[in-house]
Each structure stands twice: as structure tokens, then as C-alpha cells.
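Undergrad: A single structure is presented below for examination.
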Amino acid sequence: MLSFPQNLSQSDFKAVRESMIAAVRMRGFQDILDIDEHDFELKAALINDFSLKRNIQRLNDNLGVSYYLEMQVVNRKPARFSGLGSQLQYNEAMGAPFAGSPGLIPDPEHLTWTKYTLYQTDGAIPLASIEVKSKHFQNNQLDARVVRKEVEALFQQIFMAVN
């Protein structure tokens, strides 16, 4: 079962969903469910949120789900320049001769802090958790390739812990 943040735009949701499903399939998982697509089944199993351990346990008891991968966006903000770069960008924005003129400094990339947690639903045991800071598109949209790499990093952490 995959869980996505609730505050994603439609384009971010589509990119995240496709990349997470692809990354999990590459690790050998066959039947992949996500919270948005299987909302009716979850509500029928009396699962409304996953903040409580008993709700994660219900995934196994009521639906037969073995693993639960949760993605949380912790923070999003533009990447910072040096003090001089920030001042130059501000001066360009305030004193531009006409709107839309390109400045010396490009639009900043956006940084996103994302937390991934993989649970084994039988007992609500967290198997691995990783918090990643990464750069995404300049228009503050999530890059599907970056999300896929982040999920791969989570599975690499599990693989290294086992060996």
C-alpha cells in the first residue's frame, strides 16, 4: 500500500504516484495499492487515517496488505543564494524596466524535504525511514525522477541493513 501527501497538486500527485509505483515494482512487489484509488476498500475496513498503529495493523488484518510505504513532504522552499545573490535578485525584481525581463540570476530551484517510511503491517513495525533533501523543478513541482531515486535510496538502506 502506498500513501501520498494530501496537499499535492494534480501534476505532482501524478508524477509521484507513477514514479513510486515504478520504483516499488522494480523491487519485486506485484500487487500495489494506493490510498486514493482504493479509498472505498479502506473505509469499508474501518481505516480512516494512518496516524495510529492500530490502523496500520488493520491493513494486514482486514485487507491482507503486507507493507505500507508512506511519503510525507516535510518542507518545500526555494533554494537560497548567497546574501549578495539574494540582494541582486531583489533589486532586479524591484527595479526592472519592464515586467518579465530576464535578470542576471535565474529563478531559484526549489528544495523539498521528503520523508519515506516503510512499515510491515503485521505488528505496525517500521522497517526503514529516510528523510531526503533534494532539488526539484524551478516552478516548485516535484520531479518524478527525483522521487524514484529517493525511493531507491530507501530500499538501498534496507538492503544495506540486511547485509
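Undergrad: When you count, for each residue, the other Cβ atoms within 10 Å and take the mean per peptide, how do 15-25, 30-40 rank with the highest first?
TA: Numbers: 15-25: 18.3, 30-40: 12.4.
Result, highest mean first: 15-25, 30-40.
Undergrad: Want the number for Gln30 to Gln6: 0.36 nm per residue separation, take away the alpha-carbon distance, what's left?
TA: Values: separation 24, 0.36 × 24 = 8.64 nm, distance 2.46 nm.
Gain on stretching Gln30 to Gln6: 6.2 nm.
Undergrad: Any idea what Rg and Dmax come out to for the stretch 41-82 if you just take the C-alpha atoms, in Å?
TA: Calculated on Cα positions, Rg and Dmax stand at 16.2, 53 Å.
None of the figures in this text is laboratory data; all of them are computed from the coordinates on show. Everything quoted here is computed from the prediction, not taken from an experiment. So basically every Cβ, Gly included, is an ideal-geometry build from the backbone, and we count neighbours across all protein chains shown.
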